[in-house]
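Since the structure comes first, as structure tokens, the remarks are kept for the end.
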Amino acid sequence: MQIPGKQHRMPLPKILTLGFLALILLGGLLLMLPLATQEHHSTPFIDAIFTATSATCITGLTTVNTAAHWSLFGQSVILIMIEIGGLGFMTFSVLPFILLKRRVDLTTRLLIKESLNFEKLADVNSVMKYVIGLSLAIQTLGAALLFIDFYPRYGLARGLFMSVFHAVSAFCNAGFDLFGNSLESQANDPYLILVISALVIAGGLGFLVWRDLLLFKRRRRLSLHTKLALSTTGVLLVGGFILFLLTEDNLAVMAAQVSPGKRLVNTFFLAVTPRTAGITTIPYSQISIAGILLTIVLMFIGGTPGSTAGGIKTTTLGLLTLQSWAVLRGNRDVEFGHRRFSDQNILRALMLVFLCLVLVIVAGLILTITETIPERYGLEYIIFEVISAFSTAGMTMGLTPHLTIIGKLIIMLLMFLGRVGVYTVMFTVLNASHPQKGYRYPAENVMLG
């Protein structure tokens, strides 16, 4: 699809890709300024651009400590990039139109549709006011709730900045923190953990889901997308919580530090944060290998389309699960909520999972060659980092600060692909707009399984 009009020839996916690249470059240049660091010295380009990529792609992986390295200016730059990256830079382009109550032109609406992964162009007009208004409302409420906890500890000015920063980071599933060790020093604060969890879940549900929920009282119905997203999200949260209870023996590693009730809260947080939030209360060096595997799976799945989360998305998992169940039962159609999924929808989900798996395998293979694995770890040390970057989860087992130059480039590419989208970037690179052939070859089957 191309922008209407002869004066614009650049495909929409290419505009989005170049837009994100420009934002990353601008952020990287700002972070290179001596003003951006606490020591007032220039940050190396590779580390500045890595941080800018991580912030814009709302991931949270960093080669330098956000709390110790960056000054208030640097942290503010990161905060702005998180907000723009989380809601999509095209979202902010329509803000003047909304404030002035002017109609958004077709070109901008098409770009927003691509940016937020909306299925229909009609969704843009009806959802944009919710994207901006609801996002600001949730983040403001989250910041107010966090301020109750931070004000006694940090005072008015610092407490307010800490509240806003962590509310934005949690809602955008960005994974950045100003504590220096994520929330590992806050494991004994269930109020903080539950507020952050609520913000993460809210950001990961997606704007289409929130619109349906807010309008449910008037419409008395939910879309198929919302039903599938909520069902899959509920199963992943409850199932993840139960499995972490089993794999971590109710976090026995924390038994000496926190009460049983607080351990349950931390266990729940373990199930929430792999939804690409990137915030942790427990070092993954203390998690069992079963817990590591479960976290990798949850990171790969991620959140809901049209949200601030990454991964292959909950609806993709739900759709392929229903497809498998239908095939096993001998049903021709894949049905859910008294609706039938189209064959094109199913094919797109299968291709997405295949492309993501190939990308993860290739990146993992490269990193096993370029990076050093500590003796106490195995292949999971690399795979965890790869999945975390591609799913924009932002969690690490310790590899990120020790990445080689090639490793940093690979992780940056994965974060970029995970945020902008595999389809969008592939379209940009391959310029895949070939006309359909006027003929089809005869069909023939091969043996499978």
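The values are calculated or read from the model by the stated rules, or taken from the named source; none is laboratory data. Everything quoted here is computed from the prediction, not taken from an experiment. All Cβ positions, glycine included, derive from the backbone under ideal geometry; neighbour counts span all protein chains shown. Remember, those area values only see protein heavy atoms, side chains included, never the ligands or the DNA or RNA. Shrake-Rupley method; radii C 1.70, N 1.55, O 1.52, S 1.80 Å.
Given a 1.4 Å probe, how much area per residue of segment 12-429 is accessible, in Å²? Don't jump to the answer; show the numbers that get you there.
Details: 17830 Å² over 418 residues.
Normalised by residue count, the accessible surface of segment 12-429 is 43 Å².
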Please compute the net charge surrounding Ala187, taking Lys and Arg as +1 and Asp and Glu as -1 over other residues with Cβ under 10 Å from its Cβ. 0
Qualifying chymotrypsin sites (Phe, Trp or Tyr not before Pro) in segment 352-423, DSSP loop, other Cβ atoms within 10 Å at most 14: none
Distance in nm between pseudo-label sites at Ser324 and Phe241 (7 Å out along the Cβ direction from Cα): 2.4 nm
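Determine the dipole magnitude for segment 12-429: charges of +1 sit on the beta-carbon of Lys and Arg, -1 on that of Asp and Glu, nothing else is charged, the reference point is the Cα centre, and the result goes in debye to the nearest 20. List each step's numbers first, then the result.
Working: 29 positive and 21 negative charges, 386 e Å.
I would put it at about 1860 debye.
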Just to make sure I understand: if all protein chains stay in place, what is the order of Glu385, Glu375, Glu39 by accessible area at 1.4 Å, largest first? Glu375, Glu39, Glu385
Roughly to the nearest percent, how much of the accessible area of segment 12-429 is carbon and sulfur, given a 1.4 Å probe? 67 percent
At 7 Å along Cα-to-Cβ for each site, give me the label-to-label distance between Ala67 and Phe216 in nm. 3.7 nm
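Quick check for segment 12-429: number of Lys pairs with alpha-carbon distance under 15 Å, counting only pairs 8 or more apart or on different chains? Working shown, then result.
Working: Lys14/Lys113; Lys101/Lys129; Lys113/Lys129; Lys227/Lys313.
The result is 4.
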What list of ³J(HN,Hα) values in whole Hz, one per residue of segment 131-142 in order, does the Karplus curve 6.51 cos²θ - 1.76 cosθ + 1.60 (θ = phi - 60°) give from phi, with Gly and Pro shown as x? 4, 7, x, 5, 4, 5, 5, 5, 5, 5, 4, x
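Set the Förster radius R0 to 25 Å, insert the Cβ-Cβ distance between Phe45 and Val362 as r into 1/(1 + (r/R0)^6), and round the FRET efficiency to 0.05. Mind showing how you got there, number by number?
Values: r = 26 Å, r/R0 = 1.02.
Once the sixth-power term is evaluated, E becomes 0.45.
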Estimated inter-spin distance, Phe354 and Arg339, nm [label 7 Å along Cα→Cβ]: 2.6 nm
For Met351, tell me the accessible area in Å² from a 1.4 Å probe, rounded to the nearest 10. 90 Å²
Measure of exposure for Lys313: accessible area at 1.4 Å probe, Å² rounded to 10, is 30 Å²
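So between Ser259 and Leu25, what do we pick up on full extension, going 0.36 nm a residue minus the alpha carbon distance? Could you put the intermediate results ahead of the total?
Numbers: separation 234, 0.36 × 234 = 84.24 nm, distance 4.58 nm.
Difference between extended and current length: 79.7 nm.
Just flag the trypsin sites (Lys or Arg not before Pro) in segment 324-427 sitting in loop per DSSP whose Cβ has no more than 10 other Cβ atoms within 10 Å. Before the final figure, lay out each step's value.
Numbers: sites: Arg329, Arg332, Arg339, Arg340, Arg348, Arg376, Lys408, Arg419; in loops: Arg329, Arg332, Arg376.
For trypsin sites (Lys or Arg not before Pro) across segment 324-427 that sit outside H, G, I, E and B with at most 10 neighbouring Cβ atoms in 10 Å, the list reads Arg329, Arg332, Arg376.
Assuming 0.692 mPa s and 37 °C, estimate D for segment 12-429 with Stokes-Einstein, Rh taken as the Kirkwood radius over Cα pairs, in µm²/s. List each step's numbers first, then the result.
Working: Rh = 21.7 Å.
Translational D for this selection: 151 µm²/s.
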Taking R0 as 56 Å, what FRET efficiency do you get between Leu409 and Tyr151 from their Cβ-Cβ distance, rounded to the nearest 0.05? 0.85
